[in-house]
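Remarks on the structure that follows.
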Amino acid sequence: MNRHIFFILSLFNCLFVFSQKELKQEVYFETDKYDIPTTEESRLLLFISSLSDFNIESISIYGFCDDVGAPAYNLKLSQQRANAIKAVFANNEISESLISNVDGKGEILLKIVEEKDVVKIRGLNRKVEIIVKEKVPVVEEEPKIIEEKKKDAAELIKGDIKVGDKILFENLLFKTGYTILMPESKKVLDNIAKSLVEREDIYFTIQGHVCCTQYSRDAVDRKTKKQNLSEARAKFVYDYFAKKGVNKKRMKYVGMRRKFPLGGEPELDRRVEILINYIDTSLSVK
């Protein structure tokens, strides 16, 4: 495709299509290509970022070609385009379990598009359509269950701990693809930092984790564009603790990538925990 025409198509289609129960996005490709053009990848990442607050039920990805080329070739190329889009979702912390369809549909005939310019029509047909459906909440009356309150991380740190213990920072949630804390999580981290300042006898490693990546690779930090999001999240917590008064000599940080998924909801794998490495018994616990 002529690069000027491709750029114009990108501008004309830069807006997301919103509806009450689903979001739609289209990604356009150059002739005979399934690599995502840079401008289109930027639009796609912006769209994925917009899904952070969307309660996703399913994602469908459909690939298409123009009417040039043999049907078998077009069918293969359209599937490769759909697969390329799926890979971007998977490497940006969107769980593959949410992706219900990844299908190559082959070519779109010229008459389907309301346009007289044949070159532009074919450009519009070289695309992938993405449909994200919203999960409709089911309101159920919760049974009244009386149970013992579980101790949070800040309380566990104050208690009886030993070398080798791992403390999960529950309710410490990050925005998808970023080291940015969700607003409700700042107080959680403040309480943990306070407990760690008091427990000056423990030395620990901060471990960052991510969800929803392929082949155990780390996810992409959308701010820096580096594929080290688990480490970036661990370093964010490290720096946060240091600002709150925790001695840096007591801390290390490491990215665990997606080596240890918890097996629950994807957001729970976007987590941080600490591993107790050493306890200085010469210091009394405050």
For this session: For segment 103-118, name all the residues that are crowded, with 19+ Cβ neighbours inside 10 Å and modelled with pLDDT of 85 or more.
Result: Gly104, Gly106, Glu107
For this session: Go through segment 204-247 and give me each residue that's aromatic (Phe, Trp, Tyr) and farther than 15 Å from Leu173 by Cα.
Result: Phe204, Tyr215, Tyr238, Phe241
Exercise. Does Ile121 qualify as being under 18 Å from Asp53 (Cα atoms), of a type in the set (Val, Ile, Thr), at pLDDT below 90 and out of contact with any strand residue (DSSP E or B) (no Cβ under 6 Å at 6 or more places or on another chain)?
Worked result: no
Exercise. Any chance segment 265-286 includes a residue that's of a type in the set (D, E, K, R), exposed (fewer than 15 other Cβ atoms within 10 Å of the Cβ) and in contact with a Lys or Arg (Cβ under 8 Å, 6 or more places away or on another chain)?
Worked result: yes
Seminar exercise, completed: Residue pairs qualifying under the 8 Å Cβ cut-off, at least six apart or on distinct chains, with the first in segment 202-230 being over 11 Å from Arg257 (Cα atoms) and basic (Lys, Arg) and the second being at pLDDT below 90 and in a loop (DSSP other than H, G, I, E, B), are Arg222/Asn92; Arg222/Gly177; Arg222/Tyr178; Lys223/Tyr178; Lys223/Thr179; Lys226/Val220
Problem set entry | Residue list for segment 48-72, filter: surrounded by 18 or more Cβ atoms within 10 Å (Cβ to Cβ) and either of a type in the set (Phe, Trp, Tyr) or part of a loop (DSSP other than H, G, I, E, B) (or both) | Tyr62, Phe64, Asp66
Exercise. Can you tell me which residue in segment 73-102 is surrounded by the fewest Cβ atoms within 10 Å (Cβ to Cβ), limited to those that are within 15 Å of Lys127 (Cα to Cα) and small (Gly, Ala, Ser)?
Worked result: Ala84
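The values are calculated or read from the model by the stated rules, or taken from the named source; none is laboratory data. These numbers were taken from a predicted model, which means no experiment stands behind them. A quick note on method: Cβ atoms are made from the backbone with ideal geometry, for glycine too, and the neighbour counts reach across all protein chains shown.
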